[in-house]
1. I need the calculated FRET efficiency for the pair residue 54 and residue 126, taking r as the beta carbon distance and R₀ as 45 Å, to the nearest 0.05.
2. Starting from the Cα-Cα distance between residue 15 and residue 67, subtract it from 0.36 nm times their residue separation and give me the gain in nm to one decimal.
3. Going by the alpha-carbon gyration tensor, a ≥ b ≥ c the square roots of its eigenvalues, is the range 22-97 rounded (a/c under 1.5) or, if a/c is not under 1.5, prolate (a/b greater than b/c) versus oblate?
4. For the chain, the longest stretch holding no chymotrypsin sites (Phe, Trp or Tyr not before Pro) located in a DSSP loop with at most 10 other Cβ atoms within 10 Å is which?
5. Determine ³J(HN,Hα), in whole Hz, for all residues of the range 63-70 in sequence, where each value follows from phi through the Karplus function 6.51 cos²θ - 1.76 cosθ + 1.60 and θ = phi - 60°; x replaces Gly and Pro.
6. Taking the Cβ of residue 108 as the center, what net charge do the other residues with Cβ under 15 Å away carry, scoring Lys and Arg +1 and Asp and Glu -1?
7. Give me the dipole magnitude in Debye, nearest 20, for the chain about the Cα centre, with unit charges on the beta carbon: positive for Lys and Arg, negative for Asp and Glu.
8. Just add up the charged neighbours of residue 135: K/R +1, D/E -1, any other residue whose Cβ is under 15 Å from the Cβ of residue 135.
Amino acid sequence: MGIRYFLGVDVGTYESKGVLIDQDYNLVASKAVRHGLDNPQPNYYEHDAEAVWWQDLCALTKGLIAESGIDPSQIACVGTSALGADCVPVDADCRPLRKAILYGIDSRAVGEMAFMDSYYGEEKLNALWGRPLCSSDVAPKILWIKNNEPEIYQRTHKFPRLHPI
């Protein structure tokens, strides 16, 4: 079988990084690509999931393989990580319907958080989330899309699995 390799990619807020290591944990290749962060309004932060997340993953993977010169069939595992708690509605073909609303740095859904606090109450929210709602939570972002972009919400096939709003 020969040497096995492991490839890892992390998509971050302003940059994505990738590494390729061998089975003995030796660094074989590393690469990074910068990308932008959309800020269309104050407190709104977004990424284009295809143009940033997918393209960075493809560019890094191709670049690491080219730089290392290994045969891709020797890659035993690929691991990825990305920004947490982002909200990107998708259609039935899993295509993004809008730019992803990013994690806690995007605080557009404060009104929806206040509504949910009032509607559910502290005890229910603590039972659901184990803590008060914050700008990193996806549920208020989904409600924001429902309230502010109803045409996107109507076309959405799925969001991350959460309790209904």
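None of the figures in this text is laboratory data; all of them are computed from the coordinates on show. The shown structure was predicted, so the numbers you read here are calculated from the model rather than taken from an experiment. Cβ atoms come from the backbone with ideal geometry, glycine included; neighbour counts cover every protein chain shown.
1. Details: r = 36 Å, r/R0 = 0.81.
Calculated value: 0.80.
2. Stretched fully, the residue 15-residue 67 segment lengthens by 16.8 nm.
3. prolate
4. The answer is 26-165.
5. x, 5, 5, 5, 5, 7, x, 7
6. Neighbourhood net charge equals -3.
7. Working: 16 positive and 22 negative charges, 37 e Å.
Value, rounded to 20: 180 debye.
8. Combined, the nearby Lys, Arg, Asp and Glu give -3.
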